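Here the structure comes first, spelled out in structure tokens, and everything after it is commentary.
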């Protein structure tokens, strides 16, 4: 007497299952992925992401993120940067549309891990870039994080400007980008040596600014127009002065500022004055202030390290725990009176400078593209006006003339172990001579300086 | 049809008098009313948090209402023996079940409309918005949630034909949660090259056959209006048809079970 | 007369974890005539409600057959002609009496408000019909239940413990209503364990115990076998033994002799004989068999299948 199952119902059931399955697979899922997926992008696809667990919180993600961000702000006031980073990670997971948190997070990760002497920990930069990339995937419709990513390359890494250009271009594709911020692309093109593109960019933006000003005579539009006008002026003058136009036309560079190339006369000596404390001394025959020579001390076998830098773009996911057993120190050596002398104390930050490996490399690197304009006027955008008898190098950077020198130290030397307990380790370039600048007056020095323009008159 | 409608109307009458539901509804409305004050908690623009919070409250409260409303539906009728007087009348069991479900849906419609209306008013007051399109855009959220909750109610009714309320409560919420975050998980599995093909196949099967609640979580572009949406109409139509079909499936299985059930 | 209810070997069994299969209703053969009030009696747990639910199609028999108004049980057409009042029903409390009737009426497609009011008048609730049911007393709830059971003008009513838990006045009201149903030509199937009620109104009864029918038939027949007790003084004991009455007992009491004999015998001849011997008759008490006795007898009879 049990109920009999109607075959019609069963058929309806099966049909229903097929229809819903087909709808889900054929129509809904794709659109859902494009439009509504809370964890947009591919970055989280390598593991079961926290995003999915947090999805449980449903609509309260944004408010939770907001509360955490307020908390992070109070840590910031206390200078407790270590506590902020996990919060930033959590907030961006909870609310991947919090652009400000991404931007601030990149800045924290990239800049604020420092040693006692305010050198930032460059091992974190790949993670800072990764956070930015993640942000752009979550927020593809606004320019901000594309711009931030470019800025990280332009300002923090201050090298490999092609990447800055790449991200600034992506930012420009977004319609919401502020006009004033677009100007930076022109600057970035200068630093890649693509002067024609820089000039084109400035012309294009200048045209736009004229239209904008015609539409609305606001102060900001007025100011933007004036800035672009100035930039364009400078660029055109420089392009002529630095021989760029002549070079393009196939004319000889005689008579232009960049000719003949000037010998910077680089030499360096590194002295391990105390365990983990190194003094860098050396020469650089450029008198005008504004020279910063990059000095890097790193494991000889540091993965991906070459040419005085790391593989900055190595990561796609954020890792707030860089390898604890690898050392990478980067410092700027400022030149004054044709000499530099800098003591780098790494003894107070054993986590940042663990020195666990046996062999270390010291790299010295100078790139005219990062130089201030008054020095660039002589050296050119790509080092055409610069040379060095011993260390001019055209390999470590493509299409550029840079100064690059390396020295080596051992762990025992840096830590003053073994035979080096009483002996002071010194590594120096063959051309390094003990200076007599202590005896001479500054005026004497100036007299000995060769003319930047002609390269003669010195020594 | 008449018995179905009568049962549905009675169910609504009962639902709107249940204190638990009213208290939950009241809490929800209260949260929506105080929502504008929570803007200060955010580093972001107040509207973003306001939208997120209001939509979150509506979804959460509706979910709890949908579950509480349905898990007791059949067990209570049996316990109070009201079902006997009804089934001894010329009422088929499927009519009873469908009537009950329809009642749940109407109750949800009533309660969710109320919360949405309050949300609309609060948003209007907060924003002084002169653009009615903005509020209409905001209301797309609750509209989709409504279908989501209808689906959840069908799950609850389906389980209540053979499970006691407490078990059903956790099971229904469990199905909701799984159905909500299975989509992101599924996408993750699909895109991960390291996923074993077997796991992919299983995931595909589960994603195809489990009720998919994530489809109705359309709040992201509403909260972040800079996002661009493609084929919105087609999507909404798709998920609505999906919901109706899936609800029918659940009700049919529910009826098959309920028909055999000794009450 | 046609049978209103007919069951043949109707059985409902459940599988219990330890005891194996339990027959809650065990090969039940019931026969209820149209137009009678039928009492379905048994202690709690005897299988009364299970039987009614099977007859209504709410649960399904394990085996056997059952017919209600000539149709196999579970037939939806029959549901238009019958009605059911469950034991201690609970109604949607937010409704008023009138709304309740409207609701149940709509299940039959009945929308006639006058009919609802009439029915409420019949059960004497018309003054309270706009009050919510949650304010009703138990008796009122039972009466509104009866009113709803009359909505479809049923030929057959199933009343499960209709007077359970009610005070004596309410009892009486319900009893009178049930009797009026018979006058209207309806068949009433009452399940109860309150024997005095059933005895007063039922034409026929069936006694069920542990799922098995222990007795079934007309009340008058089932209750045959009463006795007469005659007490007398100053009578020689030998006198009474002269009568040779079958199945009689004589006992000596402090006050005299007690003769206890089946009711078929003529007490007058005995009284005459006592008087003739100058004895004095103190009392003549007919002890009629009551349903209670029958019930205790049948229910406590050993050998009933379990």
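Rule-based calculations on the coordinates, nothing more; no lab input. No experiment lies behind these values; they were computed from the predicted model shown. Cβ atoms come from the backbone with ideal geometry, glycine included; neighbour counts cover every protein chain shown.
Just a few scattered comments:
- Antiparallel %, DSSP beta bridges [both residues in chain C], to 5: 70 percent
- Relative contact order of chain A: 13 percent, from C-alpha pairs under 8 Å at least 6 residues apart in sequence.
- Here the contact order of the stretch B:2-260, divided by its residue count and restricted to Cα pairs under 8 Å and six or more residues apart, works out to 26 percent.
- Modelled FRET efficiency - R0 60 Å, residue A:433 with residue A:227, Cβ distances, 0.05 increments: 0.80
- The radius of gyration of the Cα set in the stretch A:55-249, together with its Dmax, comes out at 19.7, 65 angstrom.
- Spin-label model distance (nm) - residue A:419 vs residue B:206, 7 Å beyond Cα toward Cβ: 6.4 nm
- Reduced Cα scattering model of the stretch A:304-420, Debye log10 I(q)/I(0), q = 0.09, 0.10, 0.11, 0.16 Å⁻¹: -0.34, -0.42, -0.50, -0.97
- For B:82, C:130, order by how many other beta-carbon atoms lie within 10 Å, fewest first: C:130, B:82
- Stokes-Einstein translational diffusion, the stretch A:187-316 - Kirkwood Rh over all Cα pairs, 1.306 mPa s, 10 °C, in µm²/s: 82 µm²/s
- Centre separation in Å (Cα based) which lies between the stretch A:125-179 and the stretch A:200-270: 23 Å
- Normalised alpha carbon radius of gyration of the stretch B:2-260 [divisor 2.2 N^0.38 Å]: 1.09
- When C:297, A:247 are sorted by how many other C-beta atoms sit within 10 angstrom of their C-beta, beginning with the fewest, the order is C:297, A:247.
- D by Stokes-Einstein for chain A, Kirkwood Rh over Cα pairs, 37 °C, 0.692 mPa s: 127 µm²/s.
- For the stretch C:227-288: rounded, prolate or oblate by the Cα gyration tensor [a/c cutoff 1.5]: rounded
- Distance between the C-alpha centres of the stretch B:67-115 and the stretch C:182-259: 51 Å, rounded to the whole angstrom.
- Scoring C:178-191, A:370-383 by mean Cβ neighbours within 10 Å over their residues and listing the highest first yields A:370-383, C:178-191.
- Inter-label distance for residue B:126 and residue C:81, nm, one decimal - labels placed 7 Å from Cα along Cα-to-Cβ: 6.5 nm
- Each label was represented as a point 7 Å from its Cα along the Cα-to-Cβ direction; for residue A:216 and residue A:70 these points are 3.3 nm apart.
- Semi-axes of the equivalent ellipsoid of the stretch A:240-364 are 36, 21, 11 Å, computed as sqrt(5λ) over the eigenvalues of the C-alpha gyration tensor in descending order.
- The calculated FRET efficiency for residue C:220 paired with residue B:113, based on their beta-carbon distance and R0 = 56 Å, is about 0.30.
- Helix A:161-173 vs. chain A, principal-axis angle (Cα, 0 to 90°, nearest 10): 40 degrees
- Degrees, to the nearest 10: A:7-23 long Cα axis against longest axis of chain A: 20 degrees
- For the stretch A:296-403, the relative contact order comes to 28 percent (Cα pairs under 8 Å, sequence separation of at least 6).
- Chain A: angle of helix A:179-192 to the longest principal axis, Cα-based, in degrees nearest 10: 50 degrees
- Cα-based values for the protein assembly as shown, radius of gyration first and Dmax second, are 48.1, 177 Å.
- Helix-only mean residue ellipticity at 222 nm for chain C, each DSSP H run of n ≥ 4 adding -39500 (n - 2.57), per residue, nearest 500: -9000 deg cm²/dmol
- Sorted ascending by nearby beta carbons within 10 Å, beginning with the fewest, C:283, A:220, A:209 become C:283, A:220, A:209.
- Tail fraction, Cα-Cα pairs, the stretch C:3-222, threshold 21 Å, whole percent: 54 percent
- Residue C:18-residue B:260 FRET efficiency (beta carbon distance; Förster radius 22 Å; 0.05 resolution): 0.30
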